Amino acid sequence: MKLCRHGEAGAERPGIVDPDGNVRDLSSHIADFGPDQLAPETLRAIAAIDVHALPVVPAGARLGVPFAGTRQFIAVGLNYSDHAAESGMPIPSEPILFTKGVSCIQGPNDPVVIPRGSTKTDWEVELGVVIGTTASYVSEADALDHVAGYCVVNDLSEREYQLERGGTWDKGKGCPTFGPVGPWLVTADEAGDPQALSMWLDINGKRVQTGNTATMIFGVANLVSYISQFMTLLPGDIITTGTPPGVGLGQKPEPWYLRSGDVIELGIDRLGSQRQDVRG
């Protein structure tokens with residue numbers, strides 16, 4: 001299934017995408033998509049609904065974050081060896097973890113706002129992993145059983161704040177609007193193998209990132225298991241799993257970054273696409 005939320009910010013309603021690509025309103029069956037609705041038994045019940053009996057949402061309606069109630073937004077750094085190389089950093093021997101403030105989460109097509117004083121706001125297309133059931137000290141063999149589904153994430157970053165201002169990476173990762181998520185939550189059964197998804201990102205129509213999750217250093221099952229050794233993962237939590245090369249920091253001959261008026265477009269095979277206007 002492709003699950004979504006539609007409507008104005010703060011007043012979104014649950015939806016589902018039918019086989020023809022239309023968004024159908026689900027609010028007659030559930031009030032919203034949140035942590036409780038990501039449990040396997042609830043997803044099975046939603047899958048049994050006749051989507052063609054649901055009202056069609058008008059084309060062009062705003063899509064919000066596909067699910068509400070995320071409590072932890074966990075990110076993995078340098079998880080593609082070629083991205084580590086373009087960043088001038090060694091390939092990690094264990095996953096590098098940091099957090100993005102949940103306050104940065106927004107809809108997939110909402111505007112991105114460059115932070116005050118920023119000169120190095122950057123883009124990163126990433127596979128997002130959405131937790132469906134609580135995971136603590138899970139094995140790699142069982143890790144994917146705790147995943148509700150997958151989504152597209154743009155892990156926007158302010159490189160000066162991240163790398164030049166001391167402390168951890170977190171301060172450059174959680175600025176307002178730095179976490180577009182969606183357009184859909186694609187359930188694990190429909191997404192297929194999470195290590196076989198092509199991904200891309202364009203700036204103003206120019207392709208700058210092309211990659212595939214097959215080249216991750218640490219795969220999804222490994223990451224869910226690994227992270228669960230250090231914290232309890234909760235339903236609705238998002239793990240954003242790293243980016244392939246082509247970010248602004250790695251552009252040649254000189255890095256370049258987002259400016260007001262730019263347009264970001266990005267997507268992942270089977271998971272949909274996003275579009276953000278950049279504002280300064």
With the requirement that a residue be of a type outside the set (S, T, N, Q), over 13 Å from the mean Cα position of the chain (by Cα) and more than 14 Å from VAL112 (Cα to Cα), what does region 172-188 give you? GLY172, ALA188
Please tell me if GLU94 is of a type in the set (Asp, Glu), loosely packed, with under 13 Cβ neighbours inside 10 Å and in contact with a Lys or Arg (Cβ under 8 Å, 6 or more places away or on another chain). no
Looking at PRO253 and the list (1) under 23 Å from SER81 (Cα atoms); (2) touching a residue at least 40 places away in the same chain (Cβ under 8 Å), which single condition is not satisfied? (2)
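Sort out for me the strands (runs of 3 or more DSSP E) sitting completely within region 161-263 that have 3 or more residues that are over 27 Å from GLY280 (Cβ atoms) and out of contact with any Lys or Arg (no Cβ under 8 Å at 6 or more places or on another chain). Talk me through it step by step, then tell me what you get.
Working: elements: 185-187, 198-203, 206-212, 238-240.
The strands (runs of 3 or more DSSP E) meeting that bar are 206-212.
So in region 63-117, with the set limited to residues that are assigned to a strand (DSSP E or B) and among the small types (Gly, Ala, Ser), which one is nearest to the chain's Cα centre (by Cα)? Spell out the reasoning first.
Of all residues in region 63-117, those assigned to a strand (DSSP E or B) come to 63, 73-77, 80, 96-99, 105-106, 112-113.
From what is left, the residues that are among the small types (Gly, Ala, Ser) are 75, 77.
Values: ALA75: 10, GLY77: 14 Å.
Of everything passing the filter in region 63-117, ALA75 is nearest to the chain's Cα centre (by Cα).
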Give the number of residues within region 18-43 that are outside any loop (DSSP other than H, G, I, E, B) and farther than 24 Å from HIS146 by Cβ. 3
Specify the residue that is farthest from LEU54 (Cα to Cα); the eligible residues are those in region 4-21 that are among the hydrophobic types (A, V, I, L, M, F, W, C) and touching a Gly at 6+ places or on another chain (Cβ under 8 Å). ALA9
Scanning region 131-174 residue by residue, those surrounded by fewer than 24 Cβ atoms within 10 Å (Cβ to Cβ), among the small types (Gly, Ala, Ser) and at pLDDT 95 or above turn out to be ALA135, SER136, SER139, ALA141, ALA143, GLY174
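The values are calculated or read from the model by the stated rules, or taken from the named source; none is laboratory data. What you are looking at is a predicted structure, and each value in this text was computed from that prediction instead of being measured. Cβ sites come from the backbone with ideal geometry, for glycine too, and all protein chains shown count toward neighbours.
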